Amino acid sequence: MLEFQLFRIKVVQLSQTALFSRRDIKPSELLKEAIVSLPKDDKERMLIWHIGNIEEVDNNGLYFRIGRTTPQTTERYKDGVFVEEMDEIAPYTHVLIDIEKEVCAIAKKIKVSPTSKGTARQLIRLLNYSEIKKRDNIEFEISDIKDPDDFISHIKKAHSVSKYWLTFSRPNPIDNDDLVVKPLEAMLQGLGADKGKTEFDGKDLDRERLETLSRSIAATGEEAGATIKKNEKDRGTRRRLRGNPVIIKVEDVAREKGHHLELLKIIRSTYENIRRKNNDKE
């Protein structure tokens with residue numbers, strides 16, 4: 001049984017230059033370019049991470065493997081003599097990505113990394129070593145997608161919600177659909193900052209709007225929290241969008257291309273379900 005964890009990749013401009021319009025190229029295309037370029041670690045080390053086995057699943061879907069190579073000494077017996085020979089081990093795991101939505105799923109494999117999150121950090125490190133990153137003055141970021149349902153459930157059931165805070169980061173073109181977050185991201189970019197946080201206070205904040213915000217925040221890998229009251233006399237309890245990581249379990253990853261497509265469809269459906277309130281309004 002394989003467990004795929006969902007992550008969100010962002011393609012972020014590092015300057016005010018109108019990069020995407022100037023080159024008439026989408027962020028998703030830059031992401032694909034970076035992956036297929038098979039970026040390499042530019043530091044000399046014993047353990048080296050690689051991307052390989054890239055396959056196009058459909059117009060927006062890619063399957064590939066990520067792993068690490070490590071040299072090791074192997075003891076062998078040859079022609080009546082015990083000898084030591086240098087060998088190399090290369091454990092790997094599976095990745096499926098929708099480049100348009102910038103959503104990827106990484107299979108957990110202990111031999112590669114104790115957690116999928118650890119593998120995700122290595123993936124984004126590799127992408128930031130790519131020539132595409134340097135050439136186009138961009139940066140790749142990754143964050144885990146959390147299931148917002150428990151957090152939203154507490155907001156809906158509360159007697160009142162008096163505070164709500166959220167984090168935001170540099171603009172990502174495909175996420176500019178939120179009327180609250182969009183201007184905050186623009187201000188952050190104008191200031192040359194990397195991360196921001198804002199808070200809203202009131203007697204009882206609008207629950208429907210908070211749900212829409214929470215789903216957007218969860219889907220983009222940001223953080224949020226709220227102060228809720230269970231009843232009129234309650235002093236208030238703080239809740240955070242901690243949420244469990246979004247996991248998709250499958251028996252195995254077959255070599256057949258059709259199997260990759262079926263799994264990619266599940267990944268897309270799971271992601272859209274997280275954002276469903278936003279999608280209803282589009």
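For the pair Glu262 and Lys163, label points projected 7 Å from Cα toward Cβ lie 4.9 nm apart.
Dipole of the range 149-240 computed with +1 at Lys/Arg Cβ and -1 at Asp/Glu Cβ about the Cα centre; of Val161, Ile217, Pro183, farthest Cα towards the positive end is Val161.
Residue exposure proxy: Phe64, Phe82, ordered by other Cβ atoms within 10 angstrom of their Cβ from fewest to most, comes out as Phe82, Phe64. Here r is the Cβ-Cβ distance between Ile48 and Lys134 and R0 is 22 Å; the resulting FRET efficiency, rounded to 0.05, is 0.70.
In the chain, the convex hull through the Cα atoms has an average projected area of 19.1 nm², a quarter of its surface area. Stokes-Einstein diffusion of the range 149-240 at 10 °C, 1.306 mPa s viscosity, Kirkwood radius from Cα pairs, rounded to a whole number: 116 µm²/s. Backbone amide hydrogens, once placed in the peptide plane, bring Ile142 within less than 5 Å of Lys10, excluding anything fewer than 5 places away on its chain. Take the Cα of Arg240, step 7 Å toward its Cβ, do the same at Asp201, and the gap between the two points is 2.1 nm. Near Asp41, the amide H atoms lying under 5 Å from its own belong to Trp49; only residues 5 or more places off or on other chains count, and H is placed 1.01 Å from N. Counting every other Cβ atom within 10 Å of each residue's Cβ, Glu3, Glu232 order from fewest to most as Glu232, Glu3. Using R₀ = 22 Å, calculate the FRET efficiency as 1/(1 + (r/R₀)^6) where r is the Cβ-Cβ separation of His154 and Arg276; round to 0.05. Once the sixth-power term is evaluated, E becomes 0.75. Working note: 222 nm ellipticity from helices only, DSSP H runs with n ≥ 4, each -39,500 (n - 2.57), summed and divided by the residues of the chain, gives -9000 deg cm²/dmol to the nearest 500.
Applying 1/(1 + (r/R0)^6) with R0 = 45 Å to the Cβ-Cβ distance of Val83 and Lys249 gives a FRET efficiency near 0.55.
Readers should treat all values here as calculations from the given coordinates under stated rules, not as data from a laboratory. In this text the structure is predicted, and so the values were computed from the model without any measurement. Here the Cβ is made from the backbone with ideal geometry for all residues, glycine too, and neighbour counts use every protein chain on show.
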